[in-house]
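The values are calculated or read from the model by the stated rules, or taken from the named source; none is laboratory data. The shown structure was predicted, so the numbers you read here are calculated from the model rather than taken from an experiment. Here the Cβ positions follow ideal geometry from the backbone for every residue, glycine too, while neighbour counts run over all protein chains shown. Ligands, DNA and RNA are excluded from the accessible area calculation, which covers all protein heavy atoms including side chains. Shrake-Rupley method; radii C 1.70, N 1.55, O 1.52, S 1.80 Å.
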Amino acid sequence: MNHDVIQDQYGRLYHLPNELARRGHDVTGFCLNYTSSSRSIFRETYNPNGCRLSQWYSYPAGVFASNLIPYIKFMTYTIRKIQPDLLIGGSDCLHSILTRWVANKTNTPYLLDLYDNFESFGMSRIPGMKSGHRKAIQNAAGITTISDSLNRYIRKLAPGNPIETINSTITAGEFIKQKMKDARASLGLPRDGIFIGTAGSLSADRGTGLLYEVIDLVKQDHPQTRLVLAGPAQGNPPPRRKDIIYLGELLHAKIPALFNALDVALICMNPNSFGNYAFPQKAYEILSCKVPVIAAAVGPLQELFNDYPECLYSPGDIADLYKKIIGQIEKKSIVNLPIPTWSDQAEVLERFIIEKILSKN
């Protein structure tokens, strides 16, 4: 997700363990750092919120994953020492495989938390990764998925396994409605004009390229329209144009201001092995800011906005996207849906673990 779990304290990989700790559970986290080749063994970061979270261990993967075996040995040794009731693995196919292996070595039940369809990640193309991931799913004591569509897919791979859907969401009070002029000023954006845009991955496989085309159509009706973007471009930066403002990769703390600066927020997605199962966290972030939204009619996004057809566009259909943007600029339809917090989701996870996993082990 282009964030560091420990340093950025971002996303479900941080918030679900953190909220479990808030609920009184002792939690230890192990992270394999893909971006570091440092030979330092590990780093401890104690939870700053006074929870019972014991510690986070960050272990550098090294060049060509040269530290992987020492990492597994260290993790296995530590788990045997602390004797947890349950292991929870996530992140990608490799971590599904590692979780199963360590669980077997330490005789500990394990749960897999699938925050995306890991089979859509590039890592799954490595020989043995996909099959190992599926074997880990089939042998897990329980599975949590980010969306109902992924839940249904996993049920086909592991019929009979306990599975629970837990959407990624927001921290209470983090994303709130702000005055548009104040939000724009905080980001150094012009005060006037119509801004449409998005935050998050801008890679071509998400369908964001359509935005560079649709802006020309929207400007025929509203010449003062600009496209505002933030997020990793993965080697495909937005075109350099006066009507396209690229803010780069913003700190997560600035994303609420970005959404509040927009007249219309966009969520792009393509119908593929990723998009058909993805539940973008930004959906709840945008809704919580009370900003008009338009999302691709794909998988979980289509299910979320099913009762709001004015907020859905057909992926790849520039005419439909143009029509929906104009409609939202002129009518400003605000979607009101219940939005859970990370605390709410941790309560769901806790109940699932106690009732469906630990009670049977």
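Observations on the structure shown:
- Annotation: amide H of ILE170 within the under-5 Å range of TRP342, sequence separation 5 or more or interchain, hydrogens built in the peptide plane.
- A cut-off of 5 Å between modelled amide H atoms, ignoring neighbours fewer than 5 places along the same chain, links ILE244 with LEU227.
- With an a/c value of 1.5 or above and a/b larger than b/c for the gyration tensor axes a ≥ b ≥ c computed over the alpha-carbon atoms, the chain is described as prolate.
- Accessible surface of the stretch 275-341 [probe 1.4 Å, protein heavy atoms]: carbon and sulfur percent: 51 percent
- Long pairs among LYS254/LYS290; LYS219/LYS254; LYS254/LYS324; LYS179/LYS254; LYS177/LYS332, criterion Cα-Cα beyond 18 Å: LYS219/LYS254; LYS254/LYS324
- Build a GNM of the chain with springs between Cα atoms under 10 Å apart, and of THR165, THR208, THR78 the one that fluctuates most is THR78.
- Couplings for the stretch 79-85, taken from phi via the Karplus curve 6.51 cos²θ - 1.76 cosθ + 1.60 with θ = phi - 60°, read 5, 4, 6, 8, 6, x, 6 Hz in order; Gly and Pro are left as x.
- Net charge contributed by nearby residues that have their C-beta within less than 11 Å of THR145 (K/R +1, D/E -1): -2
- Reach of LYS135 by Cα under 19 Å, taken over aspartates and glutamates that are not fewer than 8 positions away in the same chain: ASP92, ASP113, ASP116, GLU119, GLU164
- Euclidean distance between Cα centres, the stretch 81-108 to the stretch 286-361, Å: 31 Å
- Gained length - LYS73 relative to HIS252, 0.36 nm times residue gap less alpha-carbon distance: 61.1 nm
- Of all lysines in the structure, not one lies under 16 Å Cα to Cα from LYS360 without also being fewer than 8 positions from it along the same chain.
- Cα gyration tensor, the stretch 133-174 - rounded (a/c under 1.5), prolate or oblate: prolate
- MRE, 222 nm, helices only [DSSP H, n ≥ 4, -39500 (n - 2.57), over the chain, to nearest 500]: -10500 deg cm²/dmol
- Per residue, the accessible area of the chain comes to 46 Å² when a 1.4 Å probe rolls over the protein heavy atoms.
- Signed unit charges on C-beta, dipole axis of the chain, positive-most listed residue CYS268, ILE326, ILE357: ILE357
- Positive-end residue of CYS311, GLY62, ALA283, charge dipole of the chain with Cβ unit charges: GLY62
- Partners of LYS181 within straight-line reach, counting aspartates and glutamates whose Cα lies under 15 Å from its Cα and excluding those fewer than 8 residues away in the same chain: ASP192, ASP263.
- Our summary gives the chain a relative contact order of 15 percent, counting only alpha carbon pairs under 8 angstrom and 6 or more residues apart.
- Between 0 and 90°, nearest 10: helix 148-157 axis offset from the chain longest Cα axis: 40 degrees
- Accessible area of SER314 in the full protein assembly, 1.4 Å probe (Å², nearest 10): 50 Å²
- Around the amide H of TYR57, modelled in the peptide plane, lie the amide H atoms of GLY29, PHE30, CYS31, all under 5 Å away and 5 or more residues distant in sequence or on another chain.
- In order along the stretch 256-269, the Karplus-derived 3J(HN,Hα) couplings, from 6.51 cos²θ - 1.76 cosθ + 1.60 at θ = phi - 60°, round to x, 5, 4, 5, 6, 7, 8, 7, 9, 9, 10, 10, 8, 6 Hz, and Gly and Pro are given as x.
- Classified by the C-alpha gyration tensor, the stretch 175-314 has a rounded form. Its axis ratio a/c, with a ≥ b ≥ c, is below 1.5.
- Across the accessible surface of the stretch 103-195, with the other protein chains kept in place and a 1.4 Å probe, carbon and sulfur atoms take up 47 percent.
- Cβ charges +1 (Lys, Arg) and -1 (Asp, Glu), total dipole of the chain, debye: 720 debye
- Per-residue ³J(HN,Hα) for the stretch 139-144, Karplus 6.51 cos²θ - 1.76 cosθ + 1.60, θ = phi - 60°, Hz, x for Gly and Pro: 9, 6, 6, x, 9, 10
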